[in-house]
Every structure is written in structure tokens, then in C-alpha cells.
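Q: Have a look at this one.
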Amino acid sequence: MTAQLIDGVALSRQIRTELAQRAAALTSRGHTPGLAVILVGDNPASQVYVRNKVKACHDTGLHSVLEQYPASMSEAELLARVRALNEDASIHGILVQLPLPAHIDAHKVIETISPLKDVDGFHVASAGALMVGQEGFKPCTPYGCMQMLKAIGCDPRGKHAVVIGRSNIVGKPMAMLLLQANATVTVCHSATPDLAQHTRQADIVVAAVGKRNVLTADMVKPGAVVIDVGMNRNDEGKLCGDVDFDGVREVASWITPVPGGVGPMTITMLLVNTVEAAERVAAAA
Ligand code: GUN
């Protein structure tokens, strides 16, 4: 069996078309959705990411501001900027690009963002809301993975899902979302002794480690759905995921490519969260 591809570019396009209509409706009511993106320092990868986020806003009819600061910016200055954006009515979402320079406490910065504007879903209030099933912003990457499952008609209910990786940004919230969708969830990580023993039982595997070839064909149950969150470079410098794509695609029923899989969905769900934030403000006005 050769797996079908879950096309994150096509799905993103579809979701963004619908979002552009919601953004236009908000604009006509005087509530143009606004995203503020803060970048501190000159990490080249971060610069590419934030540029893509700002461009996606522009293309979808959202207002966006990009604030770039030198790596020498103090923590106090950054916190003051976040507080100012919390009070800015033209801004519905605030994103502080990570990683931050070592002298700045990222937790403190994230906790200073108003949970009402936490479109990254990184605030402890957002994580707590997800944990107990209350309304809050879901982290964009796992939220995008759930949309991909939905798009292929894969209902996690009653399925065994294995998440590889336990980061606060992907692994943990991914496990929560799958659990909320009634999957039986196993979270594997660097101290899991026999990873293959778990993944071979999985109907759904989400690989989110940041290491090449974490999942190979012999570790996958025939017909499983495989979602690859990894973003790595191979020996030739080509972008690749955590999954041995060529091998696993011969065993799985569905698989996400890298690039063109989860990556575009992350930005799309950031737009979704920002439009939702603006809709909540508009509804309360
Ligand atoms: N750095 C890498 N991915 C992300 C993300 O999704 N949000 C933020 N704020 N920083 C990141």
C-alpha cells in the first residue's frame, strides 16, 4: 500500500479562503482582526517564520504589525511592549517569536500576554483551558494536525494514537487534543525504552521530536495515519521531517509530507485563532 498524501498547502488554502470572508465581515463592522508579532534578535530562522506570518495576515485581510528589536532589548522593555499591546484595541492577537535571547525569561513574557490575545496558545491559562476542556486558544501546530485528521475523515474516537515528543508547544497539547477527541493516547519521549513497541500498535502516529528518522517503516502498523511535525535538514541540506518518508509511505494509509504538510497549517491556525479573537471582541461590543 502506498499512502495518500495529506496536503497541508491545499487544506490551508481552503481554510484561508473561508477565513478571508470572516475577516472581511469583521472589517465591515469596524473590527479588522489584528496580529502583533514581536521578534527580538536576529535568528535567521525566526526572521523567515515571522515574515511568513505577517505575509499570511496580509494575504487573508488581517491587519498585522511586526515589531523587531535588537537582541540587547531588556526583559523589562519587552514586558512593557507586551502590556501596551494588551491595551491596544486594534490588536487581537499577540505573538512573541521564540526562542528569545537567553537573558529574557520566556515564561514571564508569555504569562504577560493577555489570555484573550494569546493566539499562540502558550499561556498557562490556555494550556489549563485545554486540559479541562474549556474555551481557550489551542496551540497552532497541534490544532493544525487535528484539522488534517478531520480533512481526511479520520475520527480519533476509539483509535490508539501515539505522540512522539512531549514539548509544551506540540507533544503535550497534541495529546490533550487527541484525548478530547476520544482517542486512547500514548505519549512517548526520549526516555521511552522501546518506542517501536508503542508505535506498532498505533492507528495514528504524530512525530514531533525534531530528529530525522525517528519513525521508520518497520515501526508502523499497516494502514496507520502518520503526521510528521518535524522540521530538519538532511545531509544534502534538504528540508525533511522526523519520519523516514519514503519507507513509511509504503506502510501507512495517509502521511503528511515535509515540506507542504504540517508547516503551512501552523500559520493557518494562527490566522484562525486571530480571527476568533477578533470575533469574540466584536460579539462583546
Ligand atoms: N518558534 C517556533 N515556533 C513558534 C510558534 O509557533 N510560536 C512562537 N511564538 N514561536 C515559535
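Q: Can you tell me which of Ala202, Ala217, Ala224, Ala207 is in contact with a His (Cβ under 8 Å, 6 or more places away or on another chain), within 22 Å of Gln4 (Cα to Cα) and at pLDDT 95 or above?
A: Numbers: Ala217 fails: in contact with a His (Cβ under 8 Å, 6 or more places away or on another chain); Ala224 fails: in contact with a His (Cβ under 8 Å, 6 or more places away or on another chain); Ala207 fails: in contact with a His (Cβ under 8 Å, 6 or more places away or on another chain).
Result: Ala202 is the single residue among Ala202, Ala217, Ala224, Ala207 that is in contact with a His (Cβ under 8 Å, 6 or more places away or on another chain), within 22 Å of Gln4 (Cα to Cα) and at pLDDT 95 or above.
Q: Right, next: Of everything in the range 83-103, what is surrounded by fewer than 21 Cβ atoms within 10 Å (Cβ to Cβ) and either within 16 Å of Pro33 (Cα to Cα) or in contact with a strand residue (DSSP E or B) (Cβ under 8 Å, 6 or more places away or on another chain) (or both)? Give them in sequence order.
A: Asn86, Glu87, Asp88, Ala89, Ser90, Gln97, Pro101
Q: Condition first: of a type in the set (S, T, N, Q), part of a loop (DSSP other than H, G, I, E, B) and free of Cβ contacts under 8 Å to residues at least 24 places away in the same chain. Can you find one or more residues in the range 157-174 that meet it?
A: Filtering the range 157-174 down to residues of a type in the set (S, T, N, Q) leaves 167-168.
Then keep just the ones that are part of a loop (DSSP other than H, G, I, E, B); that gives 167-168.
Now narrow it down to the ones that are free of Cβ contacts under 8 Å to residues at least 24 places away in the same chain: none.
No, every residue in the range 157-174 fails to be of a type in the set (S, T, N, Q), part of a loop (DSSP other than H, G, I, E, B) and free of Cβ contacts under 8 Å to residues at least 24 places away in the same chain.
Q: Return the only residue of Thr32, Thr60 being among the polar types (S, T, N, Q), away from the ligand (no atom under 15 Å from the Cβ), modelled with pLDDT of 95 or more and within 22 Å of the chain's Cα centre (by Cα).
A: Working: Thr32 fails: within 22 Å of the chain's Cα centre (by Cα).
From the options Thr32, Thr60, the qualifying one is Thr60.
Q: Quick one: in the range 212-243, which of the residues that are small (Gly, Ala, Ser) and surrounded by 17 or more Cβ atoms within 10 Å (Cβ to Cβ) is farthest from the chain's Cα centre (by Cα)?
A: Taking the range 212-243 and keeping what is small (Gly, Ala, Ser), we get 217, 223-224, 230, 237, 241.
Next cut, surrounded by 17 or more Cβ atoms within 10 Å (Cβ to Cβ) only: 224, 230, 241.
Working: Ala224: 22, Gly230: 12, Gly241: 15 Å.
That would be Ala224.
Q: What's the number of the only condition in (1) within 14 Å of the ligand (Cβ to nearest atom); (2) not in a helix (DSSP H, G or I) that His103 fails to meet?
A: (1)
Q: Does Ile169 fit the bill of being within 16 Å of the ligand (Cβ to nearest atom), more than 14 Å from the chain's Cα centre (by Cα) and surrounded by 17 or more Cβ atoms within 10 Å (Cβ to Cβ)?
A: no
Q: Sort out which residues of the range 123-146 are under 30 Å from Met219 (Cβ atoms) and surrounded by 17 or more Cβ atoms within 10 Å (Cβ to Cβ), and write them in order of number.
A: Pass one, the range 123-146, residues under 30 Å from Met219 (Cβ atoms): 127, 130-131, 138-146.
Scanning the range 123-146 gives Ala127, Leu130, Lys138, Pro139, Cys140, Thr141, Pro142, Tyr143, Gly144, Cys145, Met146.
Q: Applying the selection to the range 107-118, what residues are surrounded by 15 or more Cβ atoms within 10 Å (Cβ to Cβ) and more than 9 Å from the ligand (Cβ to nearest atom)?
A: First, the residues of the range 107-118 that are surrounded by 15 or more Cβ atoms within 10 Å (Cβ to Cβ): 109-118.
Scanning the range 107-118 gives Val109, Glu111, Thr112, Ile113, Ser114, Pro115, Leu116, Lys117, Asp118.
Q: Here is a further query. Suppose we filter the range 244-265 for residues that are touching a Lys or Arg at 6+ places or on another chain (Cβ under 9 Å), buried (at least 24 other Cβ atoms within 10 Å of the Cβ) and not in a loop (DSSP other than H, G, I, E, B); how many remain?
A: Within the range 244-265, residues that are touching a Lys or Arg at 6+ places or on another chain (Cβ under 9 Å), buried (at least 24 other Cβ atoms within 10 Å of the Cβ) and not in a loop (DSSP other than H, G, I, E, B) number 1.
The values are calculated or read from the model by the stated rules, or taken from the named source; none is laboratory data. Values in this document were obtained by computation on a predicted structure and should not be read as measured data. Methodologically, a virtual Cβ is constructed for each residue, glycine included, from the backbone with ideal geometry; neighbour enumeration extends over all protein chains shown.
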